[in-house]
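Worksheet for the structure shown next.
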Amino acid sequence: MTKRLEGKVALISGGAQGMGASHARAIVSEGGRVVIGDIDESAAAAVLAELGDDIAFVRLDVSSTDEWDAAVRTAVERFGKLDVLVNNAGILVASPIEDFSDDDWERTLAVNLTGAFKGIRAAVPELARSAPSSIINISSTAGLKGFPGIAAYNSTKFGVRGLTKSTAIELAERGIRVNSIHPGNINTRMIEGLYDGYPHVPMRRAGDVEEISRLVVFLACEESSFSTGAEFVADGGETAGAPDPFA
């Protein structure tokens, strides 16, 4: 049986750990090959050792235009083309709005939003050559509703949602689909110690990284061929409403 991503080549930002590493494993398990871009070379080494010849690493600071260009070149030079871009890199800084520094605001925008924009811009020529192709932007439930204390993160994740819709319309005629994934609380270092029992989530738990990676595979392959400019939510029901608002 042909695997769903047989012959596909993906570039994943923030691919050395957490959700990004999980996405890489899922794509390789479905027959694809992956370039992971990250600033953490030691974490990347472990993923490379695990996945072998089907994966390559490139140092990628997503705020750098030059490093994005180099990442796309690496995919083409190593594997011959680029079919899928996963804009996964992200950071979260929590602070009351009046205490939020200019540096933290600008760094969050540079990684979460500008990084996604630069990734799309760098990848489009190769994605168009390989069309039909796919861009997958990892947003958040924070791209669907507000949260206190994370104004920069909230703003960037709404921004990623808007970037997705704009580029989906623009790139449709070139055979490039663009969709966003909106995870809720996922078991990664980003949410360690954040909630006790997840009372705000109808399913009363956090998600596992693999549950998001399955969505990535779906959007990367032709099973999602009529989906573009869309939001795919995996949040245990969080954005549907409070499980018991009167409790």
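For the subset of segment 27-42 comprising residues that are part of a helix (DSSP H, G or I) and open to solvent by 20 Å² or more (accessible area, probe 1.4 Å), which member is nearest to Ser63 (Cα to Cα)? For segment 27-42, the residue satisfying everything is Glu41. Does segment 203-227 hold any residues that are assigned to a loop (DSSP other than H, G, I, E, B), open to solvent by less than 60 Å² (accessible area, probe 1.4 Å) and farther than 19 Å from Ile150 by Cβ, and which are they? Within segment 203-227, Cys221, Ser227 qualify. The set of residues from segment 140-156 being open to solvent by less than 30 Å² (accessible area, probe 1.4 Å) and in contact with a strand residue (DSSP E or B) (Cβ under 7 Å, 6 or more places away or on another chain) comprises Ser140, Thr141, Gly143.
Restricting segment 66-89 to residues that are among the aliphatic types (A, V, I, L, M) and in a helix (DSSP H, G or I), the residue that is farthest from Ser13 (Cα to Cα) is Val76. With respect to the stated conditions, Thr74 fails to be of a type outside the set (A, V, I, L, M), at pLDDT below 95, within 28 Å of Arg129 (Cα to Cα) and open to solvent by 30 Å² or more (accessible area, probe 1.4 Å).
Scanning segment 90-139 for residues that are in a loop (DSSP other than H, G, I, E, B) and open to solvent by less than 20 Å² (accessible area, probe 1.4 Å) turns up just one, Ser139.
If the condition is being without any contact (Cβ under 8 Å) to a residue 60 or more places away in the chain and of a type outside the set (A, V, I, L, M, F, W, C), then segment 18-41 contributes Ser29, Gly31, Arg33, Gly37, Asp38, Asp40, Glu41. The sole residue among Gly229, Gly236 that is in contact with a Ser or Thr (Cβ under 8 Å, 6 or more places away or on another chain), modelled with pLDDT of 95 or more and on the phi > 0 side of the Ramachandran plot is Gly229. Taking the numbered list (1) touching a helix residue (DSSP H, G or I) at 6+ places or on another chain (Cβ under 7 Å); (2) closer than 30 Å to Ile97 by Cβ; (3) not hydrophobic (A, V, I, L, M, F, W, C) in turn, Ser155 passes all entries but (1). Among the residues of segment 157-179, those that are among the hydrophobic types (A, V, I, L, M, F, W, C) and either more than 25 Å from Trp105 (Cα to Cα) or surrounded by 19 or more Cβ atoms within 10 Å (Cβ to Cβ) (or both) comprise Val160, Leu163, Ala168, Ile169, Leu171, Ala172, Ile176, Val178. Within segment 52-65, the set of residues being in a helix (DSSP H, G or I) and either open to solvent by 40 Å² or more (accessible area, probe 1.4 Å) or closer than 11 Å to Val35 by Cα (or both) comprises Asp53, Asp54, Thr65. Contact annotation: residue pairs with Cβ atoms under 6 Å, 6 or more positions apart or on different chains, pairing a residue in segment 48-60 that is more than 12 Å from Gly14 (Cβ to Cβ) with a partner that is of a type in the set (Ser, Thr, Tyr) and in a helix (DSSP H, G or I), are Val58/Thr74.
The values are calculated or read from the model by the stated rules, or taken from the named source; none is laboratory data. Just so we're clear, the structure is a prediction, and the values are computed from it rather than from any experiment. Quick reminder, even Gly has a Cβ in these numbers, built from the backbone with ideal geometry, and neighbours come from all protein chains shown. These area figures cover heavy atoms from the full protein model, side chains too; ligands, DNA and RNA do not enter into them. Shrake-Rupley method; radii C 1.70, N 1.55, O 1.52, S 1.80 Å.
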